[in-house]
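Visitor: Structure below; questions to follow.
The values are calculated or read from the model by the stated rules, or taken from the named source; none is laboratory data. Keep in mind it's a predicted model, so treat the numbers as computed, not measured. Please note: Cβ atoms are built from the backbone with ideal geometry, for glycine as well, and neighbour counts cover all protein chains shown. These area figures cover heavy atoms from the full protein model, side chains too; ligands, DNA and RNA do not enter into them. Shrake-Rupley method; radii C 1.70, N 1.55, O 1.52, S 1.80 Å.
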Amino acid sequence: LYSAQALSALTGDRYKSQRALCNRVAREHAVLIEPYGERDKAACRALCTRWAAQKQNGRLEEVGQFLLDDAAAAHELVLAESGRLGLQGTVARVDGTVAAYTFGYWLTPQTYCVLLEVADRDVPGLAQRLFRETCRSAATRGAVYLNAMDDAGLAGLRDAKRAYHPAMTVRNWIVTGR
């Protein structure tokens, strides 16, 4: 869990790199952040496919590949049924083209949960900018905390989440029946 206010502002040395990336994308591109709509579905699908290919071209652990393959169906469901599922979506257009999207929901009246986020890896700073805008939007609607889910055991994702300085971590478990 993160402080929604801290991530809205990204002030101080501890957020210097995230702030610099947000500033970089603002300098290099025209970025428009707006609510997800039905008109964005095809562009988001194409982006998800491109993002998955970008991830595969990087260093991806075996578990990471499995999770990436598994995520395709979840993203498709979210893109097709977000309204029915009660999810709030946001897209980021870079120079007029959908280059990032995120979906989330209210976990509690004070905690907004980011369910998924995809950003074109060829646009430095876009993921950080969209995340900051998500935090700002949630904070203005009453969020005290932002839940960014777990790291799925992936070292790179764990490092990225730690770089945002969580206010606390919440243990979770997987329960199975026999």
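Visitor: Going through 159, 150 one at a time, which residue ends up being in a loop (DSSP other than H, G, I, E, B) and of a type in the set (D, E, K, R)?
Guide: 150
Visitor: Also, I was wondering about something else. Confirm whether residue 118 is outside any helix (DSSP H, G or I) and at pLDDT 95 or above.
Guide: No: the conditions fail for residue 118.
Visitor: Something else about it: Could you pull out the residue among 127, 143, 71 that is surrounded by 13 or more Cβ atoms within 10 Å (Cβ to Cβ) and over 27 Å from residue 46 (Cβ atoms)?
Guide: 143
Visitor: Can residue 63 be described as open to solvent by 40 Å² or more (accessible area, probe 1.4 Å) and modelled with pLDDT under 85?
Guide: Judged against the criteria, residue 63 is a match.
Visitor: Also: Looking at 134, 90, which one is crowded, with 23+ Cβ neighbours inside 10 Å, free of Cβ contacts under 8 Å to residues at least 60 places away in the same chain and within 22 Å of residue 71 (Cβ to Cβ)?
Guide: It is 134.
Visitor: Another question, then. Give all pairs with beta carbons closer than 6 Å in which a residue from the stretch 15-30 that is among the basic types (Lys, Arg) meets a residue that is surrounded by fewer than 18 Cβ atoms within 10 Å (Cβ to Cβ); count only pairs at least 6 apart in sequence or on separate chains.
Guide: 24/124
Visitor: Quick one: residue 26 ticks every box in (1) of a type in the set (Gly, Ala, Ser); (2) under 19 Å from residue 118 (Cα atoms); (3) surrounded by 14 or more Cβ atoms within 10 Å (Cβ to Cβ) except a single one, so which number is it?
Guide: Of the numbered conditions (1) of a type in the set (Gly, Ala, Ser); (2) under 19 Å from residue 118 (Cα atoms); (3) surrounded by 14 or more Cβ atoms within 10 Å (Cβ to Cβ), the odd one out for residue 26 is (3).
Visitor: With the condition kept exactly as written, say whether any residue in the stretch 33-44 is open to solvent by less than 50 Å² (accessible area, probe 1.4 Å) and touching a Cys at 6+ places or on another chain (Cβ under 9 Å).
Guide: Yes, the conditions are met somewhere in the stretch 33-44.
Visitor: Taking only pairs six or more apart or across chains, which ones have beta-carbon atoms under 7 Å, a first residue in the stretch 147-169 that is under 21 Å from residue 105 (Cα atoms) and open to solvent by 40 Å² or more (accessible area, probe 1.4 Å), and a second residue that is modelled with pLDDT of 80 or more and of a type in the set (Val, Ile, Thr)?
Guide: Going by the 7 Å Cβ cut-off, the qualifying pairs are 149/114.
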